[in-house]
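Nothing in this text is a laboratory measurement; each read-out follows from the coordinates by a stated rule. Predicted model only: the values in this text are computed from it and were never measured. Here the Cβ is made from the backbone with ideal geometry for all residues, glycine too, and neighbour counts use every protein chain on show.
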């Protein structure tokens, strides 16, 4: 551009070359004119070649002709590689530095932390209160305070809108996500948000973001929304205690259940045993009685024939059997005067210890 | 001559380019151009077209380009009193754009976005105070979806701010407005923590006593069931024995044929049973069969 003003002077100097006195000057001028020509050709070449531009893999480009995007929707996007456009007054190239998937994180509901702390898994010490200027948090439906942060992945569906309707569209998406976190937390109680219904909360955030980007026509499609929630650091102990109590409760219940099955099994076995014993008793009783009756029937004719002899015989037989079985047998002869001897029994003081009765003379 | 023609063409081309730069301008789809003639705003071009726009070169006309895309603005975290006298800290974000460049341009020196945002901040802050002051805290956070007026509050703030912008004739329109952050004053957070802590404690105690009570219930139910099982088994056993006795009773008439014999047999059996083991028997010589010993001298060994 700065060379352009040289063109008019060189063009006007050409007709004056006829003067004989200025022959040498004309020679010089012709020489410089050749240089100017070369410069002009170079300028035109530069002008045309300046239209070549490359698009990197992580970006797309949109070509504007007289300020209007060339092509509609997806077609307006130029992918990676070399492209050509007319230089400025005609065409203009707008590059969009994007990967396929955009990712943003909302930390309006998170306490102040640094990436280093995040990596090391440590957290800043918890003060007694939260400073609203530094620490973010969410207010829940029951007026409690919780922390939550969300990471949203989204695709740019309408790049032309994304770039030419918003000064900073990713910022607008970010704010939609911030608002969604806030808005969803306002409907959930702290318990639901953190423990009972964390997935429903995540879903609510996702739906709200999707609704907002739709309403604001940001030209993006929400892919994935991951929400992470946690109680305030100040209340970690209190929340842990509840978890411990919950574990204690299920432990107590488990113990009670195992006691239950043990007791029931034992009782079942005992019941079966009782019934079986009764069954055995019944069988034995019936068999005993039947065999007794059989025996009786067999003996009856013999008894009727001679009752005394029969009785004597059986008695002696029995005696014999009894004496064989008995452990100790004592025989007391009658004293000379015919009176029975006096017999003293010394019973042991602790009968259970000794199974046998202590005999005494 | 041929060389001269080439030179002419190249020269003409360069002049053309130079002229294009000097006399024309283009407007991007995301821009709005304001043309001033000797310092006076004369025209506004908001849509691009297929060929460049014409202008007189400086110093006659001057072209200013303004961004007509949606700008993002966030106000400061400010404390406002709600209808039920709670202090609430809020930040809102605003998506706004220039809709009337001809009005906007002279109002804010040289179309300065920063100046416009300063004005916007004042207007939004006023709208916030007015609207938040009309709502109790329960309109901001509420488990009952119907009583939650989050969206309503946002659109009310937006409506008031928009009306103010119209009154002030700024050439700006608010596209969307939302609450970005809510907070409580620092001293209040401590009260909230105390309350939450108490709530947790109650919950933990509840869980513990609940667990104990339920465990107790299970145990006692088990005990009861076991007792029932055993007693029903006992009952069954009794019935079984009863049936056995009934069968035995049917046999009884047999013994009635001769009760004396039956009696004798029973006694004999009882005797035998009772003297089965660990028994010491002491007899005198009158008991049969030892009466056999009565005539024998015991001083002498029997064998």
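Give me the percent of Cα-Cα pairs in segment B:71-184 that sit more than 26 Å apart, rounded to a whole number.
Roughly 22 percent, once rounded to a whole number.
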- Task: Report, to the nearest 10°, how far helix B:186-251 tilts away from the longest principal axis of the Cα atoms in chain B, using its own Cα long axis and a range of 0 to 90°.
- Result: 30
- Task: Take every Cα-Cα pair in chain B and report what % of them are more than 27 Å apart.
- Result: 74
- Message: Can you give the FRET efficiency to the nearest 0.05 for residue A:320 and residue B:280, using r as the Cβ-Cβ distance and R₀ = 22 Å?
- Response: 0.80
- Message: Ranking request for peptides B:245-254, B:156-165: highest mean number of other beta-carbon atoms within 10 Å first, then the rest in descending order.
- Response: B:156-165, B:245-254
- Note on the structure: Between residue A:75 and residue B:119, the two model label points (7 Å from Cα along the beta-carbon direction) sit apart by a distance in nm of 4.1
- Of the DSSP beta bridges with both residues in the protein assembly as shown, give the percent that are antiparallel, rounding to the nearest 5. 90
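How many times 2.2 N^0.38 Å is the alpha carbon radius of gyration of segment B:137-232?
Compared with the compact-globule rule of thumb, segment B:137-232 sits at 2.24.
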- Query: Relative contact order, percent, of segment B:71-184 when contacts are C-alpha pairs under 8 Å separated by at least 6 residues?
  - Reply: 40
- Note on the structure: Per 5 angstrom bin, beginning at 0 and ending with the bin that holds the maximum distance, the Cα pairs of segment B:190-257 fall in percents of 4, 13, 8, 9, 7, 8, 7, 6, 7, 5, 5, 4, 4, 4, 3, 2, 2, 1, 1, 0, 0
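Relative to the present Cα-Cα distance, how much length would full extension add between residue A:157 and residue A:54 at 0.36 nm per residue of separation?
Stretched out fully, the residue A:157 to residue A:54 stretch lengthens by 34.8 nm.
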- Can you grab the distance from the C-alpha centre of segment A:112-140 to the C-alpha centre of segment B:5-34, Å, no decimals? 57
- Taking 7 Å along the Cα-to-C-beta vector as the label spot, tell me the residue B:81-residue A:311 distance in nanometres, rounded to one decimal. 12.1
- Message: Cut-off 13 Å, label point 7 angstrom out along Cα-to-Cβ of residue B:126: give me the residues of segment B:165-184 whose amide nitrogen falls inside.
- Response: B:165-170
- Item | Simple spin-label estimate for residue A:126 and residue B:4 in nanometres, 7 Å along Cα-Cβ | 9.3
- the protein assembly as shown: projected area of the alpha-carbon convex hull, averaged over directions, in nm²: 67.4
- Protection-proxy order for peptides A:59-69, A:112-122, each taking the mean of Cβ atoms within 10 Å per residue, highest first: A:59-69, A:112-122
- For segment A:27-96, report the convex hull volume of the alpha-carbon atoms normalised per residue, in Å³, without decimals. 82
- Message: To test your reading of the geometry: what angle, between 0 and 90 degrees and rounded to tens, separates the Cα axis of helix A:198-215 from the longest principal axis of chain A?
- Response: 20
- Task: Grab the DSSP H runs of the protein assembly as shown that are 4 residues or longer, score each as -39,500 (n - 2.57), total them, divide by all residues and round the 222 nm result to the nearest 500 deg cm²/dmol.
- Result: -17000 deg cm²/dmol
- Message: What whole-number distance in Å separates the alpha-carbon centres of segment A:30-57 and segment A:160-239?
- Response: 53
- Item | For segment B:2-67, fraction of C-alpha pairs farther apart than 19 Å, in % | 44
- Based on the mean of other beta carbon atoms within 10 Å per residue, what is the order of A:305-315, B:61-71, most packed first? B:61-71, A:305-315
- Helix A:307-325 vs. chain A, principal-axis angle (Cα, 0 to 90°, nearest 10): 50
- Message: Suppose R0 equals 60 Å. What FRET efficiency, 1/(1 + (r/R0)^6) with r the Cβ-Cβ distance, do residue A:44 and residue A:133 give to the nearest 0.05?
- Response: 0.50
- Task: Would you kindly state how much longer the chain becomes between residue A:259 and residue A:272 on full extension, computed as 0.36 nm times their sequence separation minus their alpha carbon distance, in nm to one decimal?
- Result: 2.7 nm
- Task: Find, to one decimal place in angstroms, the Kirkwood hydrodynamic radius of segment A:184-270, where the mean of 1/r is taken over every pair of different Cα atoms and then inverted.
- Result: 16.9
- Partner shielding of B:30-37, taken as the mean number of other chain Cβ atoms within 10 Å, equals 2
- Query: Distance from the Cα centre of segment B:184-262 to that of segment B:138-182, in angstrom?
  - Reply: 63
- Item | Shielding by other protein chains, B:149-156, mean Cβ within 10 Å | 1
- Message: What translational diffusion coefficient, to the nearest whole µm²/s, does chain A have by Stokes-Einstein, given a Kirkwood radius computed over alpha-carbon pairs, a temperature of 25 °C and 0.890 mPa s viscosity?
- Response: 73
- Task: Set the Förster distance to 22 Å, then compute FRET efficiency between residue A:284 and residue B:271 from the Cβ-Cβ distance, nearest 0.05.
- Result: 0.60
- Averaged over the residues of B:195-203, the number of partner chain Cβ atoms within 10 Å of each residue's own Cβ comes to 6
